[in-house]
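Q: First the structure, which I've put down as C-alpha cells, then a few questions once you've had a look.
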C-alpha cells in the first residue's frame, strides 16, 4: 500500500496538471491578497451568496439584514442588483440558489471558526470571505481535474499529450479568467458540475447502477439550480455514450427492474430542485416566482451571429481556439456521424438560448461568458483534430495560446478594453507594449432593455458648437422626473455628441448619470469617462456615443439628472449634443 501511494505521489509530481493546479491556487490567492478582502463578495456573487446569511444566519426573507451587513463590510455598498420588486410589491432575490448550496459547507466552516475565535458570525466578515475564496478555489481545481479525467477517458491514446494540452487550453480560453480572475459569476461552478455530470455518464458506460443514476440526478439538479438554461446538457449524453447502440442500452437501463434506475435519477434531481420552490415560498410566499422581473428571452429574434462572430463578444473572435474545434467537427463527422450530429445539436441549442437573452452580450470581457462552462464539451472535437497530428494544427494552437496569454496579461495590467470591444479596439488592445493603450478605451453601449419601448424623452438637445471652459465644472445637464409607482419598467439613456480638444486627449471629464429618490435616499450614480477612445477628438471632431440601462430593480428612483462633469477643469468643444431617456416595459 505504501509503495502504491509513493508511486502515485511521484507520478503526480511529474504530471503538468498537478503543477498547473498549484499555479491556479497560487494565482487565485495572490489575486485575493493583492486586493481588499472585501472584494470577494462582489457583482453577481452578492446575490448568489446572500441566500446563505439570509437563511442560515438571519432568517430574513427581505434580505435587509444582508444589505446592512454589506454596508458594513463590502466596498460595493451601493447599487445592488440582486433584489427585485415583484408586481405585488414584494422583494425577492433574482438569482438562483445553486451557488449558495455549493458554498454551504464552506459557510458552515466559517461560522464554526467565527464562533470558536469569538469573531462576529454575521456572514460577511473577513473569515466568511476567506472561506468563500477557499470554496471558489476548491471548485475551480476540481473542475480542472474532472475536465482532465473526461479527456483521458474519451481520448486514451492522447493521454500523455492531454496533460500538456489542458493548461494550454485553459490559458487560451476564458477558463483561466473565470477560474482565478473573475470568480463572482456562476461559470466556474457550472464548469465543475458539467465535469461531474460527464464523469457519471462515462462511469455508466462501464458499470450501470442505480447509485450512478442517483448521482447523475443530483448533479443534474444542481446544474439546473445554478443556471436553469444549462439543462441543455442532456443533449450531450448521446455524444458521451458514443453510439446509437450505447444510447439505446442507456435508455433501456433506465427502465429495467420496474424503472428503478429512472426513479433514482428523478428522485436525485427533484430532491435538489425542490429546494428552489422552498426558497421561493420562504422569500415571497409563492411556490413559483419568475425571479428575473422585467427581463426575459427573445427566442424569435436571437442575436446568434453577434453572439458567435462579433468583435463585441463573439465566441469565435474572443476564443479563436474554437475555430480548430469546428474543423475537428469535420473529421468527427467522417469517423462518427452519430457523435457529430449530437455535438452539433448541443452547440446550436446553446447558441440559440444564449443569444436569445435580452442582454445577449452578458456584459462580458472575454467573449460571451455563458459559453464558458460549455467549453467542457465544445472543445472535444479539437482533440479529434489533434489526433491527425497536422503541423498547421499545432502551429495555430500555439498562436491561439499566445493570444490567450496576451489577453490575460492585458486584463490584469489594465490594458484591456472595458468590456465593449469594436473592430477599432479589439486588435489594438492586444498591443500591451504601447503605453498609450493603458486604460485607453471606455466603450459604453449596453443592450436595450427587455420589452417594448413605451416612451422617449429628449432631455437636452443642442446642435451648435459649445465652448467648455476650465471653470465650467458641471454643465449640459438634462433632467427628468420618473413616475411612481412602477413594476417592470426599465429606463435606458442615450447620449450622443461630437467633441474636439486642442493638442491633448480629453481626460478627467465624465458623463454623470445621477438617479435618486430624495425622500428615501435610494440612488444610482455612475460617472463614465467622456470618451470611447481616450485619443479621439484631438484637433478634429470625433463622434462619441453612450448608452446604458439605469439599474432600478426595486423601482424606487423618481429623478434622473444626466450631465457633464468637467472634473479636471479642461477646455474643449462640443456640438450635436443630445440626451435621450427611453422607457421600456415588459
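The values are calculated or read from the model by the stated rules, or taken from the named source; none is laboratory data. Please read these numbers as outputs of a predicted model, since none were measured by experiment. A quick note on method: Cβ atoms are made from the backbone with ideal geometry, for glycine too, and the neighbour counts reach across all protein chains shown.
Q: Taking region 1-18 as the search range and keeping residues that are in contact with a helix residue (DSSP H, G or I) (Cβ under 8 Å, 6 or more places away or on another chain) and modelled with pLDDT of 75 or more, which one is surrounded by the most Cβ atoms within 10 Å (Cβ to Cβ)?
A: Among those that are in contact with a helix residue (DSSP H, G or I) (Cβ under 8 Å, 6 or more places away or on another chain) and modelled with pLDDT of 75 or more, it is 17.
Q: Next up: Could you tell me whether residue 231 is surrounded by fewer than 18 Cβ atoms within 10 Å (Cβ to Cβ), under 25 Å from residue 100 (Cα atoms) and modelled with pLDDT of 95 or more?
A: yes
Q: Right, something else. Just to be sure I understand, how many residues within region 282-307 are at pLDDT below 90 and either closer than 18 Å to residue 96 by Cβ or within 23 Å of the chain's Cα centre (by Cα) (or both)?
A: Within region 282-307, residues that are at pLDDT below 90 and either closer than 18 Å to residue 96 by Cβ or within 23 Å of the chain's Cα centre (by Cα) (or both) number 12.
Q: Looking only at region 477-521, which residues are touching a residue at least 40 places away in the same chain (Cβ under 8 Å) and more than 25 Å from residue 584 (Cα to Cα)?
A: Hits for region 477-521 are 498, 499, 500, 501, 502, 506, 507, 508, 509, 510.
Conditions tested, residue by residue: (1) surrounded by 23 or more Cβ atoms within 10 Å (Cβ to Cβ); (2) closer than 25 Å to residue 403 by Cβ.
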| position | (1), (2) |
| --- | --- |
| 176 | yes, yes |
| 179 | yes, yes |
| 183 | yes, yes |
| 190 | yes, yes |
| 193 | yes, no |
| 197 | yes, no |
| 205 | no, no |
| 208 | no, no |
| 212 | no, no |
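Q: Closer than 21 Å to residue 316 by Cα, touching a helix residue (DSSP H, G or I) at 6+ places or on another chain (Cβ under 7 Å) and surrounded by 22 or more Cβ atoms within 10 Å (Cβ to Cβ): is that true of residue 236 in this structure?
A: Answer is yes for this residue.
Q: Looking at (1) surrounded by fewer than 19 Cβ atoms within 10 Å (Cβ to Cβ); (2) in contact with a helix residue (DSSP H, G or I) (Cβ under 9 Å, 6 or more places away or on another chain); (3) free of Cβ contacts under 8 Å to residues at least 40 places away in the same chain; (4) over 30 Å from residue 325 (Cα atoms), which is the one condition that is false for residue 116?
A: With respect to (1) surrounded by fewer than 19 Cβ atoms within 10 Å (Cβ to Cβ); (2) in contact with a helix residue (DSSP H, G or I) (Cβ under 9 Å, 6 or more places away or on another chain); (3) free of Cβ contacts under 8 Å to residues at least 40 places away in the same chain; (4) over 30 Å from residue 325 (Cα atoms), residue 116 is out only on (2).
Q: Now for a separate question. Can you tell me which residues in region 409-434 are in a loop (DSSP other than H, G, I, E, B) and in contact with a strand residue (DSSP E or B) (Cβ under 8 Å, 6 or more places away or on another chain)?
A: The answer is 417, 418, 420, 424, 425.
Q: Specify which of the listed residues (381, 320) is in contact (Cβ under 8 Å) with a residue 12 or more places away in the chain, farther than 21 Å from residue 184 by Cβ and crowded, with 23+ Cβ neighbours inside 10 Å.
A: The conditions single out 381.
Q: Output the residues belonging to region 260-289 that are over 17 Å from residue 220 (Cβ atoms) and in a helix (DSSP H, G or I).
A: Matches in region 260-289: 260, 278, 279, 280, 281, 282, 283, 284.
Q: Among the residues of region 523-543, count how many are free of Cβ contacts under 8 Å to residues at least 60 places away in the same chain, surrounded by 17 or more Cβ atoms within 10 Å (Cβ to Cβ) and more than 16 Å from residue 565 (Cα to Cα).
A: Of the residues in region 523-543, 3 are free of Cβ contacts under 8 Å to residues at least 60 places away in the same chain, surrounded by 17 or more Cβ atoms within 10 Å (Cβ to Cβ) and more than 16 Å from residue 565 (Cα to Cα).
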